[in-house]
Amino acid sequence: MPAVVDQKLTESLIALLEQGTTPWRREWDAVGGGHHVNLISGRRYRGSNPVLLTLGMHLRGSALPYWCGFGEAKSRGLSPRKGSKAVYVLRPQVHVSPADPEASAAVEASGSAAMPRSWVSYRPVPVFNAADLVGEALAGLIQTRREADGVVRRPVPERLAAAESVLSSWPVEAVHGGGQACYRPAADCIHLPERAVFHSPAALYATWGHEAVHSTGHPARLARDLSGTVGSRAYAREELVAELGAVLLGNDSRSAVMWPITPPISLVGSRCCANHRGCWWRCLAMRVGRWI
């Protein structure tokens, strides 16, 4: 993502956190089944894009998870409202370059086939929310998307069962008991309170997902720095990774879990939630030189 776009996104996140908002949460009963989709094609946005688009919805105060590019909108007689701003999503681009001639000759001489080199880059693409568009066709397009999403929307019990299936098969064991939710790297084990003390099944799975993402930082896996103490840069960064990772896990297209994301320390009160928001704020502030 270009530096200017990246900085604008980070500053927008900081602004929302300073208002006491956790911008990547989706705790509403979404009119589109909870998934961000293209207004025209109905195609679902994947990867990190749902997080970027959820932020965009908070910045606009919108409840419509429908988006499209300027060209797509224009082709349907739609246009952005004056003063409205686009949200940038990331579109993968696969690049393939021919194999080096000298290397290819050496490989062919050995009797093997020369393989081209390939890699993926991501290009920022601007999209507009349906709430920012005007045009006669808009109401019909929104109604079409709502009807289509209503057909595939999964009932809550089914989504919770999917969450249980995904997390119970996680390679790191989860032990229930006690009054704390945490991941312990030394034992490579997730600790959670008893199921009955959670405010809701969704809160259990959101907390479990958060701790499961922490477990990916184990030295035998992604080897992230898990040594940070509360208030440190390392702690702030890791908590942000776990929270956003839990968002992506909950939006997993294979299970469509779609749980509301709540940090695990919500179990012990709003003061701790505010502390976590402070950690996220500090982590983001580092990216724009505002660490204090």
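The values are calculated or read from the model by the stated rules, or taken from the named source; none is laboratory data. As the structure is a computational prediction, the values presented were derived from the model and not from experiment. Glycine also receives a Cβ, built like all others from the backbone with ideal geometry; neighbour counts cover every protein chain displayed.
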List pairs: first residue in segment 119-136 and at positive phi, second residue part of a strand (DSSP E or B) and surrounded by 13 or more Cβ atoms within 10 Å (Cβ to Cβ) anywhere in the structure, Cβ distance under 9 angstrom, at least six positions apart or on different chains.
135/79
Residue by residue through segment 76-94, note down the ones that are part of a strand (DSSP E or B) and under 21 Å from residue 49 (Cβ atoms).
80, 87, 88, 89, 90, 91, 92, 93, 94
Can you pull out the residues in segment 194-244 that are modelled with pLDDT under 90, closer than 17 Å to residue 167 by Cβ and touching a His at 6+ places or on another chain (Cβ under 8 Å)?
242, 243
Restricting the search to segment 180-196, which residues are among the hydrophobic types (A, V, I, L, M, F, W, C) and out of contact with any helix residue (DSSP H, G or I) (no Cβ under 8 Å at 6 or more places or on another chain)?
186, 187, 189, 196
Kindly indicate the residue of segment 226-243 that is touching a Phe, Trp or Tyr at 6+ places or on another chain (Cβ under 8 Å) and not in a loop (DSSP other than H, G, I, E, B) and also surrounded by the fewest Cβ atoms within 10 Å (Cβ to Cβ) among those meeting that condition.
233
When you check residue 158 against the structure, is it more than 19 Å from residue 69 (Cβ to Cβ), more than 21 Å from the chain's Cα centre (by Cα) and free of Cβ contacts under 8 Å to residues at least 60 places away in the same chain, yes or no?
yes
Note on segment 122-142: residues aliphatic (A, V, I, L, M), part of a helix (DSSP H, G or I) and within 24 Å of the chain's Cα centre (by Cα) are 130, 131, 142
Is one or more of the residues making up segment 55-76 modelled with pLDDT of 80 or more, within 14 Å of the chain's Cα centre (by Cα) and basic (Lys, Arg)?
no
Criterion: surrounded by 15 or more Cβ atoms within 10 Å (Cβ to Cβ) and at pLDDT 95 or above - qualifying residue of 162, 174
174
Could you tell me whether segment 134-143 includes any residue that is at pLDDT below 95, surrounded by 11 or more Cβ atoms within 10 Å (Cβ to Cβ) and more than 15 Å from residue 77 (Cα to Cα)?
no
Using the structure shown, decide if residue 209 is assigned by TED's automatic domain parsing to the domain that holds residue 245 and in a loop (DSSP other than H, G, I, E, B).
no
Are any residues in segment 204-225 over 14 Å from residue 171 (Cβ atoms), of a type in the set (A, V, I, L, M) and crowded, with 18+ Cβ neighbours inside 10 Å, and if so, which ones?
204, 206
What tally of residues in segment 39-50 results from selecting those that are surrounded by fewer than 20 Cβ atoms within 10 Å (Cβ to Cβ) and either within 16 Å of the chain's Cα centre (by Cα) or without any contact (Cβ under 8 Å) to a residue 40 or more places away in the chain (or both)?
6
